[in-house]
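Below is one structure, written out as structure tokens; the observations come after it.
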Amino acid sequence: AIGFLIFGPLSDRYGQRQVMVSGMTGLAVATAGVCVSPNVVVFLLFRAAQGLAAATFAPGALVWVAEKAPEERRGVALSILTTGLLGAGLAGQLYGTATLEFMPWQWMFLTASIPYLLFALLLHTMLGASGIIKSAPLGTVYRPIVRLLTQWPTASVFMAALAVFGSFVGMYAVLNDRLTSAEHFTAVGLLAVEGIGCLGLLAAPTLHWLARTPVSPRTQTLFGFSVAAAGIMVEQIDANWLVPVAGSVGYVAGISLVVPGLVGLLAHHAPRERAAAVGFNTFLLFVGAAIVPLVIGHFSYHSSMAILAAALLVAAGMIAAGVPRSVDSAYSHALAAKHWPSSSPQPALQQKSGVEGDHSGI
């Protein structure tokens, strides 16, 4: 999580491509290093290096898509990217489980290091240069985060972010415990449940693909939080295991709408510090993932689910109160002018929502 806090602002200074390529190269080296670790200490050091290097990708990739994707396809692009980021956790578990069935554990890391290196080469080759390195002192790249925390629209996004991955990890922890104890699910069965839940990840790209009129990130985020809370409420129904699993699909669908929606809100309110804002937001996503399961760990199944649903509704309330409706109006005016800003605003809107615009409540 700390890596997102570090590399988000650095992407603003050195450029997204430079940071992502360096990170993927470091990830390939660290992953290969795990295989040859002579003891537990070195093993843990390489694992920590893996996490730090992996944190270079998400902030840079999200900002790159927000800046480079055509306006009429930006929402779809962000949704597809966040779908991949959310689904990576399950894919990693499935890959690890399958590999360990046939090979020693070292091969799991060695075979993963090769694609990382190839991805680094692809990023370097296919992405254009991100611009000139800024000459300001390195410490200044972190100052925008402090300023963004003092502005209510961006601060409300940051606070709401704590409930996203926190509820994701907490919900599956509680649901898996329930399925194991009451329905006698095995580890393979639990992975299958998570795989079924990941069908909900298709909601965001499908919605953007089918929608004739793009929605603003504020509307998308509020709708996503509401759908996620409704999914958790369905999981509380006492019935056979199919009902909570169906509820988990609805929950994941809602979360798949929330994540790109939050990125779109930050792009609207912090267009000059997108990478720093997105990096800090991603840091808070993982902080929530660490804290929320600890909070609900001592409650019953129904109480835990109720707490998670309440947290999602509180997060929605923060967005509703903190992000003014003028964001929706701005998107409506843009559509009337035959523009298509989706999860990130067009340049004309960005100029109105910069540092000066934040003080005026845009």
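Odds and ends about this structure:
- Selection over the stretch 210-228 of residues that are surrounded by fewer than 24 Cβ atoms within 10 Å (Cβ to Cβ) and part of a helix (DSSP H, G or I) gives a count of 6.
- Checking each residue in the stretch 156-181 for being surrounded by fewer than 20 Cβ atoms within 10 Å (Cβ to Cβ) and either among the polar types (S, T, N, Q) or over 24 Å from residue 294 (Cβ atoms) (or both) picks out 176, 180, 181.
- Filter result for residue 255 (under 20 Å from residue 77 (Cα atoms) and either aromatic (Phe, Trp, Tyr) or crowded, with 24+ Cβ neighbours inside 10 Å (or both)): yes
- Within the stretch 275-284, not a single residue is out of contact with any Phe, Trp or Tyr (no Cβ under 9 Å at 6 or more places or on another chain) and assigned to a helix (DSSP H, G or I).
- Residue that is nearest to residue 183 (Cα to Cα) [pool: residues in the stretch 218-255 that are in contact (Cβ under 8 Å) with a residue 12 or more places away in the chain and of a type in the set (D, E, K, R)]: 235
- Residues that are of a type in the set (S, T, N, Q) and modelled with pLDDT of 85 or more within the stretch 115-154 comprise 125, 150, 151, 154, listed in sequence order.
- Residue match in the stretch 200-209 (condition: part of a helix (DSSP H, G or I), surrounded by 18 or more Cβ atoms within 10 Å (Cβ to Cβ) and free of Cβ contacts under 8 Å to residues at least 60 places away in the same chain): yes
- Residue match in the stretch 155-165 (condition: at pLDDT 80 or above and of a type outside the set (A, V, I, L, M, F, W, C)): yes
- For residue 301: the one exception among (1) surrounded by fewer than 24 Cβ atoms within 10 Å (Cβ to Cβ); (2) out of contact with any Lys or Arg (no Cβ under 6 Å at 6 or more places or on another chain): (2)
- Test: residue in the stretch 232-240 that is assigned to a helix (DSSP H, G or I) and touching a Ser or Thr at 6+ places or on another chain (Cβ under 7 Å): yes
Here's the yes/no breakdown for (1) among the small types (Gly, Ala, Ser); (2) within 29 Å of residue 188 (Cβ to Cβ); (3) touching a Leu at 6+ places or on another chain (Cβ under 8 Å):
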| position | (1), (2), (3) |
| --- | --- |
| 25 | no, no, yes |
| 55 | yes, no, no |
| 60 | yes, no, no |
| 83 | no, yes, yes |
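- Elements of type helices (runs of 4 or more DSSP H) in the stretch 1-100, at least 1 residues being free of Cβ contacts under 8 Å to residues at least 40 places away in the same chain and surrounded by fewer than 16 Cβ atoms within 10 Å (Cβ to Cβ): 40-54, 57-68
- The set of residues in the stretch 151-197 being without any contact (Cβ under 8 Å) to a residue 12 or more places away in the chain, hydroxyl-bearing (Ser, Thr, Tyr) and part of a helix (DSSP H, G or I) consists of 180, 181.
- Residue match in the stretch 114-123 (condition: closer than 29 Å to residue 168 by Cβ, of a type outside the set (Asp, Glu), in contact with an Asp or Glu (Cβ under 8 Å, 6 or more places away or on another chain) and in contact (Cβ under 8 Å) with a residue 40 or more places away in the chain): no
The values are calculated or read from the model by the stated rules, or taken from the named source; none is laboratory data. The structure presented is a predicted model; accordingly, all values stated were derived computationally and were not measured. Ideal geometry is used to build each Cβ from the backbone, glycine not excepted, and the neighbour counts take in all protein chains shown.
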